[in-house]
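Accompanying notes for the structure given below.
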Amino acid sequence: MTPEMSRILHEQAMARDLLLDGHQDQRGLKQCVEDWVMEEVIETTMPKKKTGTKSAYADFLIKKRRLHSNNGFVVNPSHLPAALFPFQRHIVAWALRLGRANIFADCGLGKTLMQLAWSAAVHEHGGGSVLILAPLAVAQQTAREGLRFGLPANICRSQQDVKPGINITNYEMLHAFDCAQFTGVVLDESSILKSYTGQIRNQIIEAFARTKYKLACTATPSPNDFMELGNHLEFLGTMTRTAMLATYFNHDGGETSKWKIKGHAEKPFWDFIASCSVMLRNPSDLGFSDDGYVLPQLKRHYHVVSTEAQSGFLFPVEAGDLSERRESRRISIPERVERGSEMVNKSPEQWLIWGDLNAETESISDAIPDAVEVAGAHSNQHKEKHLLGFADGDPRVLATKGKIAGFGMNWQNCHNMLRMGLSDSHELMYQEERRCWRFGQEHDVHWHCFVSDRDGAVIRNVERKRNQAAEMAAEMIEAMRRAHE
């Protein structure tokens, strides 16, 4: 056996172990591993054709090219709700034609209206009921939007509350429903799935495995988090996450979360995603006018607080590993709270405060007399009251976490944000920012972040991920343009 073939067989075994690790659903795994091995063999052993530039490997890729097929129905766009803008009308009609689709649209582009219009059309076409799953407090907000556009949504907490037409509930209440009874399902802020345990993620995917019409709506997927795209494909029933990784990716390193698109598979992968997804940052990404969709500026301000030098050093040393970052964050809380609360207390305007630690949100809300904290330990009633109330201006200051309120809420009434330290999760902070910095915001948005003088590595990591997100968005949007021409 040649050294090259030994390497291929060794990597085949490693890939199989990685793909099987933690996955109960092994559908398509065998075929995908066989594809992977065949690709390696052809790519490394077969010469290019004497005529032309395409290799036998390129022919192989073309033959096994995967695209999402239409499983929906055609609707006359003029019959869709009049409130839809032209680009929204196009997207809704396209999603109905596919039957199962992803809408990756930036915040403020009208995902709520589009999912309500899609749900109404599914009900009208197939009868029965459609269920929208949404984060806590977003269900109430969606119902308000529905009434405004003449698309009423019934808020329900169990199957007994379900009515024909559009129904909406929180993700946490899924266990109280007989999902087989629904004609269609919508996942609002669908990227929230990765915040749940694998068991809940699988529960959602399996509960609607046989549902005919499916729609997943979220803003830009997280950069380089291909697991999230896999979640969306698996929910639609297009391809399992395992199959997606085996078909288009190589494992990159010793951690199971590290995957890298094969160089030859980059365009086929994005074309495949585009066959069941639409992504846009502005209407012009699909060739429509941007009138009314020009964002104000987002101005980021970093405020650095001083900490004492570590033992044995003259000056504070930049935190490197995770434990050092946590220690830097913990010891700098009093200084960050003092500086941040002083800024908010001097201002008469509304403020939205984000933190990752209970000690951060609790301490700063205690230091601001008219601040209200919404924490994980609070009741759902407390959370809903103050998350919805903040949209109406009461409370003036809201302190919470991105994991609680970073998805789905519309708070363009506020243009001042304060963050207590940085998260390494770009997507979490992106979602936090877009609660206020969204289409419909009339002011420049100011984002103030209070960090310690040891957090330089975290700042660089965040900026790197922001750049990656922009690159990923550009790649996806280019594929979407090709698919929607």
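We did not get these values from a lab; they are worked out from the coordinates using the rules stated. It should be emphasised that the depicted structure is a prediction, and the values quoted were computed from it without experimental measurement. Cβ sites come from the backbone with ideal geometry, for glycine too, and all protein chains shown count toward neighbours.
Remark: relative contact order (region 298-469) = 33 percent; criterion is Cα-Cα distance under 8 angstrom and separation of 6 or more residues.
Where does region 404-449 land on the Kirkwood hydrodynamic radius, alpha-carbon pairs, in angstrom? Don't jump to the answer; show the numbers that get you there.
Working: mean 1/r = 0.0921 Å⁻¹.
After inverting the pairwise mean of 1/r, the radius is 10.9 Å.
In terms of packing, defined here as the mean over residues of other Cβ atoms within 10 angstrom, the peptides 407-414, 421-428 line up highest first as 407-414, 421-428.
With the Cα gyration tensor of region 71-159 in hand, give its eigenvalues times 5 under a square root as the equivalent ellipsoid semi-axes, listed largest first in whole angstrom.
Each semi-axis is the square root of five times an eigenvalue, giving 20, 16, 13 Å.
If you take the Cα centroid of region 446-485 and the Cα centroid of region 79-138, the two points sit 27 Å apart.
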